[in-house]
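Below is one structure, written out as structure tokens; comments come after it.
The values are calculated or read from the model by the stated rules, or taken from the named source; none is laboratory data. Here the structure is a predicted model, which means the values were calculated and not measured. With ideal geometry, Cβ positions are generated from the backbone for all residues, glycine too; neighbour counts draw on all protein chains shown.
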Amino acid sequence: MPSQALYLKWRPMTFDEVVGQEHVTYTLRNALQSGRVGHAYLFSGPRGTGKTTMARLLAKAVNCLADDVATRPCNECQYCVAVNEGRFLDLIEIDAASHTGVDDVRELRDRVAFSPNEGRYKVYIIDEVHRFSGAAFDALLKTIEEPPEHAIFILATTEFHKVPQTIKSRCQRFDFRRLTLAEIANHLGTILEYEGIAFEEAALELIARQATGSMRDAISLLDQLIGDLSQPLTLDLARSILGTADEQSIRDLVDAIVAGDTAAGLETIHIAMNQGADIRQFANQMIKYLRYVMLAQTGGTELVEAEIMPDDMVYVTAHAEQYPRRQLLSALDHFKEAAADSRTGWQPQLPLEMAFIQCIDDLYEVPDALPVQVVRAAPPRPVSQPPAQAEEPPQAQEPIAQEAPSEPPAEPAISLSDVHRQWQSVLRMARQMDLAVEALLKSGKLIGIEGSVILYQMPSELLRDKLEGDENRHIIEAVLAKIYNQPLTIRASRRTSQTDQRTKQVDELLANDSLVSFAVDELGGSVQSIENNEE
Ligand SMILES: [Zn+2]
């Protein structure tokens, strides 16, 4: 299998060749040199961090025939060679995942009693030991409680918490840590130099990030990348084969959301896509990253540290401080949707762009900082003003407004359905500015729009007066201007016979005109102007 070739080839043969885990090699070497090797070890840590490799080194070292203890394992004596070739009878490797039963362990126990076939020690490596059943653990416990002098047990697990306390307390425990970005990238560089393949450092960094601390995964990825080619390993190539956006794009996009910078975020997305990032994977990378930010916000920093490169923690912490939690949770939803959505062929990056824009909308209610031409340039976004108006200088709008009375009913600057669509944003922003204003707005009802005047109906005269009071109206108009990107005013009416009459007319219209009711119910439209119909 070519994808394993490099990994097997570059498996450490001596303690010196092990990358990282210095605390483990140091202690084990001391034990070897002082002749105090224990009978039961528990190696715990994430996958691909060298637990099994270390166990085999120890198995070789305790049986090695080299005179100088410091040089063990020598990889030259008959036992070292036998271990390296996978035919050393006194090294027994058991995968707990496929030997979970108590019988397997009983059999093991019976065999432990016999002396080693050739070496000094019988070494049992039990991988993924947490997969043992309760009964199997009990049987194992009996064995390691009173191990024969010639037996050494090395238990390895990725899930330390699933190993019973009784077992843990009998073992010398070593925690294997995730390797750092630099450790992995440097090691990959060493391999490529040896193999005579030119490379860009950034490509190695990308692989290292993808491997999240697992040297095994990193080398497997490297194998995939250099498998089919004789050309240099460049960043572009790595990106296009791995289909992944580099971590910087992910961070840039979160930066853009937090800063409300729509243009920068869209550009980040487009650059990543042009570089061959896969939409779905990008969305998943966002989810993964935002989850870390969420965990960091909620006291789960340790969980995050266990999963990411130490070098990246500083970014997660910064974003955790900047991103409000409620909006962060919505952001996770938006990108989850984008990940599920992204199989459409048409406009493939659209789900990603929408998720991004929604995140900004959540934080800023609406991209009010957007220059109008950018809004027009983004095709998926409904434009709140007719383009013709938007293109003209602002003063051109005045004549239109003045013409309104004489012309057939003024084309509203904004449609009622546009107002409706963003009304939740209006309420949210109002809430941020003044809780009472939000409450006032919620007590009333949006009933129509005339030109740039939003018609609102309040349940009582008192509340109407409150809503129209200067202070509250200023707040509302400021919010409206931000949300709809144009000056709008609000006019409140108390529920009167006149407004009742209007409501009644609308209801009648809906009941009697199937076309109108279809437009309202099925297409999400709304009745703009009754006057029009009366004429
Ligand atoms: Zn040897």
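Worth a mention:
- Taking first residues from region 233-246 that are farther than 18 Å from residue 279 by Cβ and assigned by TED's automatic domain parsing to the domain that holds residue 219 and partners that are of a type in the set (D, E, K, R) and not in a helix (DSSP H, G or I), the Cβ contacts under 6 Å between residues at least 6 apart in sequence or on separate chains come to 234/200; 235/200.
- For region 248-296, residues that are more than 11 Å from the chain's Cα centre (by Cα), closer than 19 Å to residue 336 by Cβ and charged (D, E, K, R) total 2.
- Every residue from region 166-192 that is assigned to a helix (DSSP H, G or I) and within 19 Å of residue 10 (Cβ to Cβ): 181, 182, 183, 184, 185, 186, 187, 188, 189, 190, 191, 192
- Selected residue [acidic (Asp, Glu) and under 24 Å from residue 313 (Cβ atoms)] from 246, 236: 246
- Any hit, region 117-128, residues being surrounded by 22 or more Cβ atoms within 10 Å (Cβ to Cβ), among the small types (Gly, Ala, Ser) and not assigned by TED's automatic domain parsing to the domain that holds residue 88: no
- Filtering region 193-211 to residues that are over 18 Å from residue 240 (Cβ atoms) and part of a helix (DSSP H, G or I) leaves 193, 194, 195.
- Among the residues of region 1-50, those identified as assigned by TED's automatic domain parsing to the domain that holds residue 143 and basic (Lys, Arg) are 29, 36, 47.
- Of everything in region 212-254 that is modelled with pLDDT of 85 or more and assigned to a loop (DSSP other than H, G, I, E, B), the residue that is surrounded by the most Cβ atoms within 10 Å (Cβ to Cβ) is 214.
- Remark: pairs (first residue in region 47-75, under 18 Å from residue 156 (Cβ atoms) and touching a residue at least 24 places away in the same chain (Cβ under 8 Å); second residue assigned to a helix (DSSP H, G or I) and within 10 Å of the ligand (Cβ to nearest atom); Cβ separation under 6 Å; 6+ apart in sequence or on different chains) = 60/80; 60/83.
- Per the conditions (1) closer than 30 Å to residue 361 by Cβ; (2) free of Cβ contacts under 8 Å to residues at least 24 places away in the same chain, the sole criterion not satisfied by residue 169 is (1).
- Residues in region 73-90 that are on the phi < 0 side of the Ramachandran plot and surrounded by fewer than 18 Cβ atoms within 10 Å (Cβ to Cβ): 76, 77, 78, 81, 84, 85, 87, 89.
- Helices (runs of 4 or more DSSP H) fully within region 428-535 that include at least 2 residues being surrounded by 15 or more Cβ atoms within 10 Å (Cβ to Cβ), out of contact with any Pro (no Cβ under 6 Å at 6 or more places or on another chain) and at pLDDT below 75: 497-512, 514-521.
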